[in-house]
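Taking it in order: structure first as structure tokens, then the write-up.
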Amino acid sequence: MGEETLVAMPLAPHHHHHHAHLPALPHLAAPPSPQPSEREVTGQREEDPAEGVVDPPAHVPRTEALSGANPVAGGREDVYYAREILQGVVLRPLPHLPQPEAPPGLTRALSAPASDGCVEEEEQRPVERSSSVNSAAAVVDVASIGRFFRDRRDLFSSAITRQISYLKEPSPSPAAIDTYGVKEIHLPNVKVTVRLKDAIEADAEEDDGYSSSGSHIKGRVSFFSRSGCRDCAAVRAFFRQSGLPYVEINLDIFPEREAELASRAGASARVPQIFLNEKLLGGLVVLNSLRNSGQFERRVRDLAGRRCPDAAPRVPVYGFDEANKEEDREDTMVGIVRVLRHRLPIQDRFVRVKLVKNCFSGADMVDGIVNHLECSRKKAVEIGKELARKHFIHHVFRENDFEDGSQNLYRLLEHDPAVPKYYNFIRGSTNDGEPKTAAAVGGRMTKIMLAILEAYASDDGRHLDYSRIAASEEFRRYANLVQDLQRVDMSALPAEERLPFFLNLHNAMAIHAVVRVCQPGAVDRRSFFSDFQYVVGGHPYSLATIKNGILRSNRRQPYTIAKPFGSSDKRLELAQGKVNPLVHFGLCDATRSSPIVRFFSTQGVEPELRHAAREFFLNGGVEIDLENRTVHLTRIIKLYSADFGQDRDILKWILNYLDQTKAGLLTHLLNDGGAINISYLNYDWSLNI
């Protein structure tokens, strides 16, 4: 690229053919003859020191030209300015007008005239700039601009060439190319991203399917299961050990998928049922047969190259429930309840030196029912008792079901001041559906919790992933299910089913409490054991209430004075007749020193509790130091020593749940007649995560 220079060329000197056109302009007249003391304005005019900036004639007063007082002088000045413009001379504005500032890097123009009428020059800064060989006027240095762009072009080209040649090397270093095959080149104001073709193809394969053991699988492995199924657990364990991605469809979590399984595998098919894409593989027996013959690996390799069709069992979607008309049926009394919610005079009242909030009298409710249904007061009282039996309302002190009168105060279930502590209330509203039996709700709750343990607990059950539990579909459905506990009829639950029901409810509430109220670290005992509550059958239950009031036959909690239930508390009817020490090894409080979380069946709760005790003592619940004649026991036995008896009675009791080695050592200590020291292990209150 050659250098180019722009030059400001002055016009040629005045010739006669220029003056020939001037008469055509009426306002252009010949300038007056200059005074001898002034500079002559001729064809060869004198250059101004400001390089092309010329002052107007000094003999023409500028103020007169503006005011119009001397029209002749004004006309002469116009002729002068026109001639200077035609000659390419840059003129400076009049002194009373704003003066232009020079651009950065250039010299400034002459300053305005001084007060005495003389023109003074400002001090000029030396600036490098190009000039024409033919003129002294200001020019633009295009050569410098051209050199700048050539330098930038050469820098950009060399950088791109180096980076591309670097990427073509046979074995690039790990720092040059990241794991995704992307290399970024950073230049001034430019960003170039080079992506390898292999990396793009690998990402496309990952978008099409799954990755297992380094190979990409475009298809899908899925199987139908149920909670607590041993064969399903074996299939799940095999897929986890082999690193094969799979989709599990638990029919206890998704009961609406049972019809799909029947249509695909037959009405008599039992879980597990494994599918490779849309094709049925079979159950655990078929899987073991294919594994032993090596055919399963071949089928998985075939699956890797074929995309999963739409006909395959679909993946469960979070947050969607199939409509169930039977379960969504509203209570027959809900119409009356909705009317009462709007018409009852609900207010705070001062009774028995206590402020009772959000209450109404029995007489107010009877009047409301009579006005709405136009029935007798006797009929209205019967309706009120039915509403109390279904736990829509309750006495503020829980002294009776329902009676007419202004002294009997009641409140709606959702108006209880302790509702913020009731974590089976969603948005503080009552479940208005038809009440389900406690056995049905407890059975479904157990199945969901078993599915959570199978998916998010460690193999030994000692550690739970609470963050994944909180985000799971299983837990979402559990949180919706426990709303049904609000108005269940607990009196209809058989006595033999109450123990497993409350054991399972305690352990499920412990998981729920960790998800909702616990922070990482140790358990906050007050908020965890007392403040976190469910409403079950119209009554509040905390973890401490279930453990000490129901399962321990209304015994005092350690380090407290009062019993959980008073003599008139209706929850006392559900308490166990006598204390079974084994319940302590079936209850999990989400700490590392507590027994592992487990859920019990209705029929086999006693042998399951004995198994839980053996497993607990086997895994550190007791240690025997024969040399020092010391038995180290879990602190649970010390905290609840009233349930286990005296020291020697405790040792004889735990002897039935020890393995052969520990049982032999303890038997030796008990039979030799010597003293036995009992030491209690420290309790670890940190979460079982």
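The values are calculated or read from the model by the stated rules, or taken from the named source; none is laboratory data. The model shown is predicted, which means the values in this text are computed figures rather than measured ones. Counting neighbours? That spans all protein chains shown, and the Cβs are built from the backbone with ideal geometry, glycine included.
The figures follow:
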| read-out | value |
| --- | --- |
| Residue under evaluation residue 351, criteria (1) over 30 Å from residue 477 (Cα atoms); (2) under 41 Å from the mean Cα position of the chain (by Cα); (3) among the hydrophobic types (A, V, I, L, M, F, W, C), criterion not met | (2) |
| Subset tally (residues that are acidic (Asp, Glu) and more than 49 Å from the chain's Cα centre (by Cα)) for segment 375-405 | 3 |
| Pick from segment 546-563, criterion among the β-branched types (Val, Ile, Thr) and closer than 17 Å to residue 639 by Cβ, ranking: farthest from the chain's Cα centre (by Cα) | 561 |
| Flag for residue 589 being touching a helix residue (DSSP H, G or I) at 6+ places or on another chain (Cβ under 7 Å) and acidic (Asp, Glu) | yes |
| Residue count, segment 342-384 (criterion: closer than 21 Å to residue 433 by Cα and at pLDDT below 95) | 1 |
| Single unsatisfied condition, residue 311 versus (1) surrounded by fewer than 16 Cβ atoms within 10 Å (Cβ to Cβ); (2) hydrophobic (A, V, I, L, M, F, W, C); (3) out of contact with any strand residue (DSSP E or B) (no Cβ under 8 Å at 6 or more places or on another chain); (4) within 30 Å of residue 397 (Cβ to Cβ) | (4) |
| Residue match in segment 554-565 (condition: touching a helix residue (DSSP H, G or I) at 6+ places or on another chain (Cβ under 8 Å), without any contact (Cβ under 8 Å) to a residue 60 or more places away in the chain and aliphatic (A, V, I, L, M)) | no |
| Residues located in segment 398-434, provided they are of a type in the set (Phe, Trp, Tyr) and either part of a strand (DSSP E or B) or within 20 Å of residue 366 (Cβ to Cβ) (or both) | 402, 410, 422 |
| Any chance residue 506 is in contact with a Lys or Arg (Cβ under 7 Å, 6 or more places away or on another chain), in a helix (DSSP H, G or I) and more than 16 Å from residue 436 (Cα to Cα) | yes |
| Subset of segment 663-685 [in contact with a Leu (Cβ under 8 Å, 6 or more places away or on another chain) and in a helix (DSSP H, G or I)] | 663, 665, 666, 667, 668, 669, 670 |
| Pair list, Cβ < 8 Å and 6+ apart or interchain, from segment 664-677 residues that are free of Cβ contacts under 8 Å to residues at least 60 places away in the same chain to residues that are charged (D, E, K, R) and part of a helix (DSSP H, G or I) | 670/648; 670/652; 676/647; 676/648 |
| Elements of type helices (runs of 4 or more DSSP H) in segment 270-343, at least 2 residues being over 22 Å from residue 253 (Cβ atoms) and within 38 Å of the chain's Cα centre (by Cα) | 295-304, 334-343 |
| Pick from segment 452-498, criterion of a type in the set (Val, Ile, Thr) and part of a helix (DSSP H, G or I), ranking: surrounded by the fewest Cβ atoms within 10 Å (Cβ to Cβ) | 469 |
| Selection count where residues are in contact (Cβ under 8 Å) with a residue 24 or more places away in the chain and crowded, with 17+ Cβ neighbours inside 10 Å, scope segment 390-403 | 8 |
| Every pair of residues 6+ apart whose Cβ atoms lie under 7 Å, when the first sits in segment 480-496 and is more than 19 Å from residue 421 (Cβ to Cβ) while the second is among the aromatic types (Phe, Trp, Tyr) and surrounded by 18 or more Cβ atoms within 10 Å (Cβ to Cβ) | 493/501 |
